[in-house]
Amino acid sequence: MEFLQGTLEVLILRSLQAEPNHAYGIGQFLEQQSGNEFVVDNGSLYPALQRLLQRRWLTAQWKMSPNARRARYYRLTPLGRKQLVEESSKWQRFVVAMSRVLSPEG
Amino acid sequence: MRQWLTRFRAWMKGRRGIAEELAEEMRSNLEIETESNIERGMSPEQARAAARSHFGNSTLVAEQARDVWGFPSLESFLNDIRYGFRAMRRAPAFSVVVILTFALGVGVNTAIFSVVHAVLMKPLPYPESERLVRFREANAKSSFSVTWGNFKYWRESNHTFADMAAYQFTERTLTGRGDPLVTRGMLVTAPYFRLLGMHSLLGRLFDQSDDQPGAAATIVLDHRFWESRLGGDPNVVGATLTLNGTPYEVTGVAAPLWEPWLVDYYLPLGWAAGPAVGRQQHGSMSALGRLKPGVSLAAARADLDAIMRHLAEVDPGPESEHRSSGSFLTENITGNVRGTLLVLMGAAVLILLIACANVASLLLARNTARASELALRKAIGAGRLRLVRQLITENVVIAAVGGAAGVAFAYWGLRLLIGVAPSDIPRLAGTTVDLQVLLFACGITLAAGLLAGLAPVMVAGKIDLTTALKEGARMAGGGRQGQAFRNGLVIAEVALTFVLAFGSGLLLRSLIAAQRSNPGFDPQRVLSFLLGLPSKAYKTPEAVSAFYTGLLSDLHKLPGVVDASSVSCLPGDGDCGDWFYSISGRPLPLQNEVPIALFDSAAAGYFRMMRIPILQGREFNQTDLAAGPKVAVVNEAMARRWWPNESAIGRQIKVGGPYQKGDTLEVVGVSGDVRQFGLDSQPVTEIYRPAAQQNYSAMAIVIRTAGNPASLMTAIRARVLALDRNLPLQRFGTLEESLGAGLARRRFTTLLLTLFAGLAVVLAAIGIYGLLSYWVTSRESEIALRLALGASPSRILRWTSFHALRLALIGVALGVVGGWAAARALEDLVFGIPPRNPATMIAAALAVMTIAFAAAVVPAWRAARVDVARRLHYT
C-alpha cells in the first residue's frame with residue numbers, strides 16, 4: 001500500500017518516539033507495525049528524512065549499532081515531539097472521520 | 001522562510017558534503033540489511049542481492065534525497081545546460097552548422113535592428129522631442145516655405161504651441177581666414193536654441209536682444225566648425241568673422257549636440273529678416289515648434305489654419321488660400337530612410353525564419369538519430385516532461401552560443417555596414433550595439449531557439465520506447481507526421497528564399513535601370529563646380545553677368561575645353577527653386593490650384609554644351625539679352641502637359657501665376673527631359689530662362705573636356721581665381737561621379753538585400769540538402785525493395801528528384817504569393833520596371849528551383865546507388 005501524502009513523515013516521527021533509529025530500522029519498524037501493509041520505498045524514505053532534518057524535527061548522529069556497525073541514527077527533537085503530538089491527533093481525527101463516512105452503519 | 005535559509009546555507013556549503021554523507025548512510029543501511037538477511041539464514045551473496053534489490057535504485061534515491069537540500073529545478077536546469085554543452089561537443093560538425101546558422105540569423109537581425117533602433121526608434125536628444133513639430137505653409141496641392149510675415153502672426157496668435165522658432169539655411173563665403181570658404185549656416189530666431197536644448201560651450205548663444213532689426217551683427221559658431229576651421233581658438237568670443245563681406249561678432253560656441261541639420265554657424269533670423277516684410281514674400285523658411293502638452297498635430301494645424309483664414313480676410317492677397325502643414329520633427333528627419341530600413345529589417349526577419357527552419361530540420365534529423373539515447377533516458381526513469389525540458393534547454397543553449405556569435409558578428413558587421421552606407425542616413429554614424437540591441441538579440445535568440453526546437457521536441461516527446469530501443473534510430477521520428485512536417489519546412493524555406501530572391505532581383509534590376517537610365521544629357525567628360533558671388537563685391541546684376549560671361553569666354557579659350565556653359569541648378573541637384581506659373585489664354589486656375597514648375601536659368605549654348613536635345617524651336621543664344629523680349633525654353637514634360645499635340649513655340653507663360661507678380665515669357669524652344677532629381681527619378685515640368693534675363697549670383701559652371709577631365713582641374717581653378725581670388729570652387733568634380741553618388745542609397749539597399757538573398761539561398765540549399773538526405777536515409781529499405789523488385793536506378797533517381805522538385809514547386813508557388821505582397825513594400829524602391837515584374841518573378845523562381853535541384857542532386861544520386869543486398873539483409 002502506498003503512503004498517503006504527508007503520512008510518511010508523521011509515521012517516521014512515531015517510529016522514533018521510543019528510541020533513535022537508523023533509516024533501515026525505521027523502514028523495518030513501519031513495515032512490521034503496519035502488518036506489512038505499508039511498503040517503505042527508499043526513494044520516499046530518504047527524502048522524507050532529509051525534509052524532517054531541515055525542519056529541525058529530527059537530528060542525526062553517527063553511532064555504533066548493536067552489531068558494532070557505524071550507522072546514522074535519527075532522534076526526535078523537542079520540536080519534533082511536539083509536532084508528533086499535533087499530527088497524531090490530527091490523523092486520529094481524520095481516521096475517525098473517514099470511517100464514519102465510509103461505514104455510517106458501523 | 002527559515003527552512004529556505006537552512007536549505008540555502010546547506011546549498012552554499014556545498015552539495016558534496018551532503019552527498020557524501022548520504023552515500024555513506026545508504027551504504028551502512030545496505031550493510032545492516034544484508035546482515036539481517038544473513039541472520040535470517042541467507043547465504044552472503046543472496047543476502048547482498050536481496051538487500052540491493054529491496055533497496056531500489058540507489059542513484060535515484062540519492063538524487064531525490066539530495067534534491068531536498070537544493071533547488072532541484074534550478075539544478076536540473078544547470079544540468080541540462082551542461083548536457084547541452086556535452087551534446088554539442090559530441091556532434092561537433094552538427095553543432096558548428098547549427099551555431100553558424102543561428103549566428104547568421106541573429107547577427108543579421110541584430111545589425112539591422114541596431115540601425116533601425118538608432119535611426120528610427122531612439123528619441124531625438126532634445127527636451128520633449130516627441131512634441132517637436134515642423135510647420136510650413138501649404139495649399140491644397142503642396143507645401144512651401146512660411147514667410148516671415150506669416151510666421152510672426154503664427155508665433156503671436158497661436159494657442160497650441162509652447163514655443164516656436166523659425167529657421168532657414170544660408171550659404172555664405174567666409175573670407176579673411178585663409179582661403180575663401182563657402183560655409184553653410186542657419187538663420188534662426190532666438191528660441192531655436194531653447195527648443196533643441198542647446199547650450200553654449202564658450203560665451204553665450206544669442207538671445208532676443210540680438211535677434212531684432214538694428215542689433216549688432218552676431219554669430220554663434222557650431223563646435224565642429226570652431227574646432228576644424230578656427231582651430232578651437234579659446235579666445236574666439238568677441239572675435240570677428242567676415243561672411244559675404246559683412247563682419248559678425250562671435251557671441252559664443254554651441255556645445256556639441258546631435259543636430260538634425262549640420263551647419264557651421266547660426267545667425268539671428270529676426271535680425272536678418274529686417275522689419276516689416278510682406279506676407280507673400282517666400283524665402284525658404286520653416287517653423288519649428290513645441291506643442292503644448294496634450295495637443296495633437298491636427299489641433300495645432302487647425303489653430304494655424306484659423307490664423308491664416310483670419311489673415312486672408314484682413315490682408316487678402318495671393319496668400320489667401322494658404323494654410324499650414326506640419327509634421328513631427330522625428331518623421332521629418334527619418335521619413336525618407338524609414339522605408340529603406342523597414343524593408344531591410346523585413347528581409348532580415350525572413351533570414352531568421354529560414355535559419356530557424358534550417359535548424360529545426362537539422363535538429364529533427366539529429367534527434368531522430370538520437371532516438372535510442374532518448375529512449376534509454378526514458379527507460380532509466382526520465383519523465384517525458386523532463387526529457388522535453390532537457391531537449392528544449394539543449395536547443396536554447398546551442399541557440400545562445402549561436403546568438404553570442406551572432407552578436408559578435410553583428411558588432412563587426414555593423415562597422416562594415418556603416419562604412420558602406422551612404423552618409424545621408426541621419427544618426428547612422430552613432431549606431432552601436434547597446435543594451436536595448438543586446439536585449440533584442442537575446443529575445444530573438446531565445447525565440448529562434450524555441451521556435452527551431454519546438455517541432456523536434458514534440459516529435460521526440462512522442463518517441464515510442466520499444467520501437468526506438470529495438471530498431472534504433474532509423475524508424476523513430478520517420479513517421480508520416482514527421483515526414484509531413486519536414487516537407488513543410490522545405491516548402492517554407494523555398495518560399496522564403498523565393499521572396500528574398502524576388503525582392504533583391506527587383507532592386508538589382510532597378511539599380512541597373514537607374515544606372516542605365518538616360519539622364520537626358522551626355523555626362524561624359526563633363527566637369528562641374530558651383531560658384532556663389534558675394535553681393536558685397538558684385539552689387540548689380542550687370543556685375544554678376546559680366547563675371548560669368550567673362551569666365552565662360554576664358555574657359556572656352558582653355559586648351560582641352562570642348563565647350564563650357566552655366567546653369568543655376570545642376571541636373572541631379574533636384575529642386576533649386578520652384579515657383580508658380582500659368583499659361584496665357586488658358587482658364588484661370590483657382591488660387592490654390594496654381595501649377596508649380598522648376599525654374600532654371602541657363603547661359604546661351606547650355607543645351608548644346610550638355611547635349612540636351614532641342615525638340616522644337618531653338619535654344620538660348622546671344623540675342624536673348626536682358627533688355628530683349630523675355631523668352632523661355634520648356635522641357636518635354638512641360639510641353640506634353642500643356643501642348644500635347646501642337647507646337648509649344650510662341651506660347652506664353654506667366655511667371656508667378658495669375659495671382660503673383662512676374663514676367664510673361666514666350667516659349668522659343670522645347671528641350672528633352674533631364675532627370676533633375678537623379679538618375680532614378682522621373683522628369684518633372686521645368687522652365688528654363690536665359691541667364692541674361694534672370695540672373696543668379698550662384699551658378700553651376702559646366703565644362704566638357706576633350707580628354708581626361710581631371711587633368712584640366714588645376715588649370716580651370718587657376719582661371720577662376722585669376723578673375724577673383726576670393727571665390728571658392730564648390731563641389732568641383734565630374735558630373736558622372738555626382739550623378740552616380742545620387743544612387744548611393746539605392747546601391748546600399750540593393751547590396752544588402754542581394755547579400756541577404758545570397759545568405760538565404762545558401763541556408764536554404766543546406767536545409768534542402770539535409771532534409772532530402774534524411775528522407776533518402778529513412779527510405780533506404782523502401783528504395784532497396786523497389787530496386788529488388790526491378791526498378792531501375794534511373795527510376796529511383798527520378799522518383800527522388802521528383803520529390804524534391806515537387807516540394808520546391810509548392811514552395812515557389814507560396815513564394816509567389818509572398819512576393820506579391822513583398823512587391824508592395826518595395827514599390828517605392830523599384831525604378832524602371834513594374835514592381836510586380838513577371839520576368840523577375842520567373843527569374844527568381846528559376847534561380848530558387850535550380851538551387852533546390854542542385855541541393856537535391858547528391859541525395860538523389862545516393863538513393864539510386866543503395867546497396868540492395870546489404871540493405872535488405874540488414875532489415
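The values are calculated or read from the model by the stated rules, or taken from the named source; none is laboratory data. From a predicted model like this one, the values you see are computed outputs, not experimental measurements. All Cβ positions, glycine included, derive from the backbone under ideal geometry; neighbour counts span all protein chains shown. Surface accessibility is based on the protein's heavy atoms, side chains included, excluding ligands, DNA and RNA. Shrake-Rupley method; radii C 1.70, N 1.55, O 1.52, S 1.80 Å.
Assorted remarks:
- Residue list for the stretch B:604-630, restricted to those being crowded, with 17+ Cβ neighbours inside 10 Å and outside any loop (DSSP other than H, G, I, E, B): B:TYR606, B:PHE607, B:MET609, B:MET610, B:GLN616, B:GLY617
- Among (1) open to solvent by less than 30 Å² (accessible area, probe 1.4 Å); (2) touching a strand residue (DSSP E or B) at 6+ places or on another chain (Cβ under 7 Å), the one test that B:PHE328 misses: (1)
- All positions within the stretch A:28-49 that are in contact with a Leu (Cβ under 8 Å, 6 or more places away or on another chain) and either part of a helix (DSSP H, G or I) or away from chain B (no Cβ under 11 Å) (or both): A:LEU30, A:PHE38, A:GLY43, A:SER44, A:LEU45, A:TYR46, A:ALA48, A:LEU49
- Residue check, B:GLU75 away from chain A (no Cβ under 14 Å) and under 17 Å from A:GLN50 (Cβ atoms): yes
- Residue tally, condition buried (at least 18 other Cβ atoms within 10 Å of the Cβ), part of a helix (DSSP H, G or I) and polar (S, T, N, Q), over the stretch B:503-544: 2
- Residues that are of a type in the set (S, T, N, Q) and away from every other protein chain (no Cβ under 13 Å), drawn from the stretch B:16-55: B:SER43, B:GLN46
- With respect to the conditions (1) under 27 Å from B:GLY740 (Cα atoms); (2) open to solvent by less than 10 Å² (accessible area, probe 1.4 Å), B:VAL561 falls short on a single one, namely (2).
- Applying the criterion of at least 3 residues that are surrounded by fewer than 16 Cβ atoms within 10 Å (Cβ to Cβ) to the helices (runs of 4 or more DSSP H) found wholly in the stretch B:14-128 leaves B:15-39, B:44-55, B:72-90, B:92-116.
- One residue stands out among those in the stretch B:338-356 that are open to solvent by 20 Å² or more (accessible area, probe 1.4 Å) and under 11 Å from the mean Cα position of the chain (by Cα): the one that is farthest from B:VAL119 (Cα to Cα), which is B:GLY346.
- Scanning the stretch B:154-170 turns up at least one residue that is assigned to a loop (DSSP other than H, G, I, E, B), over 30 Å from B:ASP578 (Cβ atoms) and either touching a residue at least 40 places away in the same chain (Cβ under 8 Å) or outside the structural domain of B:GLY245 (by TED's automatic domain parsing) (or both).
- Against the conditions (1) surrounded by 16 or more Cβ atoms within 10 Å (Cβ to Cβ); (2) more than 10 Å from chain B (Cβ to nearest Cβ); (3) at pLDDT 85 or above, A:LEU53 satisfies every one except (2).
Residue-by-condition table, conditions (1) of a type in the set (Val, Ile, Thr); (2) part of a helix (DSSP H, G or I):
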{"position": "B:LEU262", "(1), (2)": "no, no"}
{"position": "B:GLY270", "(1), (2)": "no, yes"}
{"position": "B:GLN280", "(1), (2)": "no, no"}
{"position": "B:PRO293", "(1), (2)": "no, no"}
{"position": "B:ALA299", "(1), (2)": "no, yes"}
{"position": "B:ARG309", "(1), (2)": "no, yes"}
{"position": "B:GLY317", "(1), (2)": "no, no"}
{"position": "B:SER320", "(1), (2)": "no, no"}
{"position": "B:THR334", "(1), (2)": "yes, yes"}
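- Number of positions in the stretch B:196-238 that are in a strand (DSSP E or B) and either outside the structural domain of B:THR251 (by TED's automatic domain parsing) or open to solvent by less than 70 Å² (accessible area, probe 1.4 Å) (or both): 8
- The residues on offer are B:ARG786, B:ARG870, B:ARG836, and the sole one that is more than 45 Å from the chain's Cα centre (by Cα) and surrounded by 13 or more Cβ atoms within 10 Å (Cβ to Cβ) is B:ARG786.
- Reported count of residues in the stretch A:57-89, each being facing chain B (nearest Cβ under 8 Å), in a loop (DSSP other than H, G, I, E, B) and surrounded by 15 or more Cβ atoms within 10 Å (Cβ to Cβ), is 1.
- The set of residues from the stretch A:1-27 being within 10 Å of chain B (Cβ to nearest Cβ) and hydrophobic (A, V, I, L, M, F, W, C) comprises A:ALA23, A:ILE26.
- Residue match in the stretch B:749-763 (condition: of a type in the set (Val, Ile, Thr), surrounded by 19 or more Cβ atoms within 10 Å (Cβ to Cβ) and touching a strand residue (DSSP E or B) at 6+ places or on another chain (Cβ under 7 Å)): no
- In the set (1) without any contact (Cβ under 8 Å) to a residue 60 or more places away in the chain; (2) in contact with a strand residue (DSSP E or B) (Cβ under 7 Å, 6 or more places away or on another chain); (3) open to solvent by less than 50 Å² (accessible area, probe 1.4 Å), the condition left unmet by B:ASP663 is number (3).
- For the criterion of being open to solvent by 20 Å² or more (accessible area, probe 1.4 Å), among the hydroxyl-bearing types (Ser, Thr, Tyr) and closer than 29 Å to B:LEU739 by Cβ, B:THR705 fails.
- Test: residue in the stretch B:381-389 that is crowded, with 22+ Cβ neighbours inside 10 Å and either in a helix (DSSP H, G or I) or modelled with pLDDT under 85 (or both): no
Residue-wise test of (1) in contact with a helix residue (DSSP H, G or I) (Cβ under 9 Å, 6 or more places away or on another chain); (2) closer than 30 Å to B:ARG486 by Cβ; (3) at pLDDT below 85.
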residue	(1), (2), (3)
B:GLY402	yes, yes, no
B:TYR411	yes, no, no
B:PRO422	yes, no, yes
B:LEU435	no, no, no
B:CYS442	yes, yes, no
B:LEU446	yes, yes, no
B:LEU450	yes, yes, no
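- Cβ pairs under 7 Å, 6+ apart, first in the stretch B:207-220 and among the charged types (D, E, K, R), second part of a loop (DSSP other than H, G, I, E, B): B:ASP207/B:ALA190; B:ASP211/B:THR189; B:ASP211/B:ALA190
- Whether a residue is without any contact (Cβ under 8 Å) to a residue 12 or more places away in the chain and farther than 24 Å from B:GLU21 by Cα was assessed, and A:GLU31 passes this test.
- Looking across the stretch B:311-355, the residues that are over 30 Å from B:ALA441 (Cβ atoms) and free of Cβ contacts under 8 Å to residues at least 24 places away in the same chain come down to B:ALA312, B:GLU313, B:VAL314, B:PRO316.
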